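Note sheet for the following structure.
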Amino acid sequence: MGHQDVRLAIGIEALVIWAVRDQCCDREIPAMFEAGLSRSGGDGVAALMRRARLGRRVDGGGAYAGRPSSLHPDAEAVADALDRLDFETKQLVEDQARIGEAPVWSAGPQALVPVAGGTGSHVVVHEWEPAPAGVAVVNGKAFGPDGRLPAGSWCLRRDARCDGTLVETVHVRVSYCPVRAEPPAEYCEFVNLLYRRWWRGLRRLQRLIAVESRPLLAHRLTPFDLCAQPWVRP
């Protein structure tokens, strides 16, 4: 009869949230940065200082200062894997873990909303544009398919042709309220870029913890199933 794995099955996102938010495995010594020490230098000084700050075991030497380690070994494995991410990705993954959720993303502009003016009312733009087909001027009066156009709603514009002759065209006054996409396209692009960086960071953490680190003691990682682009509709 095979050995039954009784460890808690958990996804990589939930594991990182537990390690960072609940176990506080991401705490650092500010003085380490002031002294200019590398976070993951080849001599391991940064890692040793961080472990000492948390009361973690250093190089397998047992408890720190005679006290048992306060950090769960599985959280320590997560912290070691986080240290192997690039700085920006590490900060993003840790920030989202403290919040306890994935970064926001956007499927694109959801609606067109009127542009508001300075007093809170909608902006109204007035312009002149060539009259549509069917508008003609007779005896100084303009007529359209539905009858005479009101005074002030139309005008005659004289434009010069290439040969120097003038041509008169009827222009009508139009009014409209400009609209904008909400949320803006730039915002959608930015948040989706952050989501993709977060997703790639967790995918790398999954491999680092599952393949390249020591086995977890109390947790068992489930297959990586986070959606890479949730804003793409099937």
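The values are calculated or read from the model by the stated rules, or taken from the named source; none is laboratory data. On a predicted model such as this, the values are computed, not experimentally measured, just so you know. FYI the Cβ positions are ideal-geometry reconstructions off the backbone, even for glycines, and counts take in every protein chain you see.
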### Message
Of the residues 182, 189, only one is free of Cβ contacts under 8 Å to residues at least 12 places away in the same chain and either within 20 Å of the chain's Cα centre (by Cα) or surrounded by fewer than 14 Cβ atoms within 10 Å (Cβ to Cβ) (or both); which?
### Response
189
### Query
Does residue 124 qualify as being modelled with pLDDT of 75 or more and β-branched (Val, Ile, Thr)?
yes
### Query
Which condition breaks for residue 202 when tested against (1) surrounded by fewer than 10 Cβ atoms within 10 Å (Cβ to Cβ); (2) touching a residue at least 40 places away in the same chain (Cβ under 8 Å); (3) outside any loop (DSSP other than H, G, I, E, B); (4) not small (Gly, Ala, Ser)?
(1)
### Task
Could you identify the single residue in 108, 164 that is part of a loop (DSSP other than H, G, I, E, B), on the phi > 0 side of the Ramachandran plot and at pLDDT 75 or above?
108
#### Entry: Filter pass, residue 142 being free of Cβ contacts under 8 Å to residues at least 40 places away in the same chain and farther than 27 Å from residue 105 by Cα
yes
### Summary
Here the residues within the stretch 205-227 that are free of Cβ contacts under 8 Å to residues at least 40 places away in the same chain and surrounded by 16 or more Cβ atoms within 10 Å (Cβ to Cβ) are 210
### Task
Can you run down the residue pairs with Cβ atoms below 7 Å, 6 or more apart or on separate chains, where the first is in the stretch 61-89 and closer than 15 Å to residue 209 by Cβ and surrounded by 13 or more Cβ atoms within 10 Å (Cβ to Cβ) and the partner is modelled with pLDDT under 75 and of a type in the set (Lys, Arg)?
76/56; 83/39
